[in-house]
Amino acid sequence: MKIGNPHELIGKEVYDATGRSIGWMDKTWRGWNEEYPGYFFGIKTNEYVRNNWFRGDNKLIPIPSEYVRDTGNTITLNKTLDDLCHNWNKTVTCGPFTLPFEELIEKPVFDKYNSRIGTFCTGVERNGTYNNLGLILDPYICESWHMPYNTTMPIDTNYITAVKDTVTLNIALNELKDYWSWKQRQTQP
């Protein structure tokens, strides 16, 4: 669904495709491309869903705007809780190793020179795998590059070289800027 003003959705209760309450919309991030993926949202799950579907995890459940079926006083998704859990529990191939998707969400990300870039907030799935993770840029990068705050940029999972309490990439920040400029040119009509 094309979302006009994503900030209007913050605080609204969210239901899955079967009508089951999931929680509420807590955050929104602007995608790297106006057409796709558009916006990303973070759902703060309610206690029932957190304890019975997401193993007590307190992280925001990320969804792209294409998962939103209907908006009004509440938000209805076109995915069920089973679908959301399936995506949450998928593994991501990161260079030479594989990790659960949920282990990467909300982790700080650093370039190969140990400069903080941002935090992983979402993923983009294609053909059943996550090929790109959405990185919300730190405010100082948005300011210095004259980009809107809450901007997400794609990170190819092959750039990930280490994951502990933080994520380390095998690419420098200036190389990422060039990569993102190229990526945006590829997605423009």
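Every number in this text was worked out from the coordinates using simple rules, so none of it is lab data. Quick caveat: nothing in here was measured; it's all calculated off a predicted structure. Please note: Cβ atoms are built from the backbone with ideal geometry, for glycine as well, and neighbour counts cover all protein chains shown.
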When we measure straight from the Cα of LYS59, which aspartates and glutamates land under 16 angstrom away, once same-chain ones fewer than 8 places off are left out?
-> ASP26, GLU47, GLU102, GLU103, GLU106, ASP165
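If you average 1/r across every pair of different Cα atoms in the chain and take the reciprocal, what Kirkwood value do you get, in Å? Walk me through the numbers on the way to the answer.
On the way: mean 1/r = 0.0589 Å⁻¹.
For the chain, inverting the mean 1/r across all distinct Cα pairs yields 17.0 Å.
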Treating only Lys and Arg (+1) and Asp and Glu (-1) as charged, each at its beta carbon, one finds that the chain has a dipole about its Cα centre, in Debye to the nearest 20, of 80
Dividing the convex hull volume of the alpha carbon atoms of region 65-158 by its residue count, what do you get in Å³ per residue?
-> 124
Over what distance in Å are the Cα centres of region 73-96 and region 120-182 separated?
-> 19
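Express in nm, to one decimal, how much length is gained between TRP145 and ASP165 on full extension, taking 0.36 nm for each residue of separation and deducting their alpha carbon distance. List each step's numbers first, then the result.
Working: separation 20, 0.36 × 20 = 7.20 nm, distance 2.69 nm.
Using 0.36 nm per residue and subtracting the Cα-Cα distance, I get 4.5 nm.
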DSSP bridge pairs, region 90-187: antiparallel proportion in percent, nearest 5 | 90
Return the long-range amide H neighbours of THR161 (sequence gap of 5 or more, or a different chain), with a cut-off of under 5 Å between placed amide H atoms.
-> THR168, LEU169, ASN170
In nm, the gap between the two label points placed 7 Å beyond Cα toward Cβ at ILE3 and ASP83 is 1.5
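What full-extension length gain, to one decimal in nm, is calculated for ASP178 and ILE10 as 0.36 nm per residue of separation minus the Cα-Cα distance? Let's see the in-between values first.
Working: separation 168, 0.36 × 168 = 60.48 nm, distance 3.26 nm.
The span from ASP178 to ILE10 would gain 57.2 nm if fully extended.
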GNM on the chain, Cα springs under 10 Å; top mean-square fluctuation among ILE141, ILE63, ILE155 goes to ILE141
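Cross-link list LYS79/LYS112; LYS79/LYS177; LYS90/LYS164: which exceed 27 angstrom alpha carbon to alpha carbon? Mind showing how you got there, number by number?
Details: LYS79/LYS112 37 Å; LYS79/LYS177 34 Å; LYS90/LYS164 18 Å.
Distance filter (> 27 Å) returns LYS79/LYS112; LYS79/LYS177.
Looking at region 83-189, which trypsin sites (Lys or Arg not before Pro) are DSSP coil and have at most 10 other C-beta atoms within 10 Å of their C-beta? Could you put the intermediate results ahead of the total?
Details: sites: LYS90, LYS112, ARG116, ARG126, LYS164, LYS177, LYS183, ARG185; in loops: LYS90, LYS112, LYS164.
Here the sparse-neighbourhood loop sites are LYS164.
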Cα-based helix-to-principal-axis angle, 173-187 vs the chain, degrees rounded to 10 | 60
Based on the Cβ-Cβ distance of ASN52 and ASP26, what FRET efficiency does E = 1/(1 + (r/R0)^6) give at R0 = 25 Å, to the nearest 0.05?
-> 0.80
Considering the options LEU104, ASN150, LEU169, tell which one lies farthest towards the positive end of the dipole of region 90-187, charges being +1 on Lys and Arg and -1 on Asp and Glu at the Cβ, about the Cα centre.
-> LEU169
Return the distance in nm (one decimal) between the two label points of a simple spin-label model at ASN127 and TYR113, each offset 7 Å from Cα along Cα→Cβ.
-> 3.5
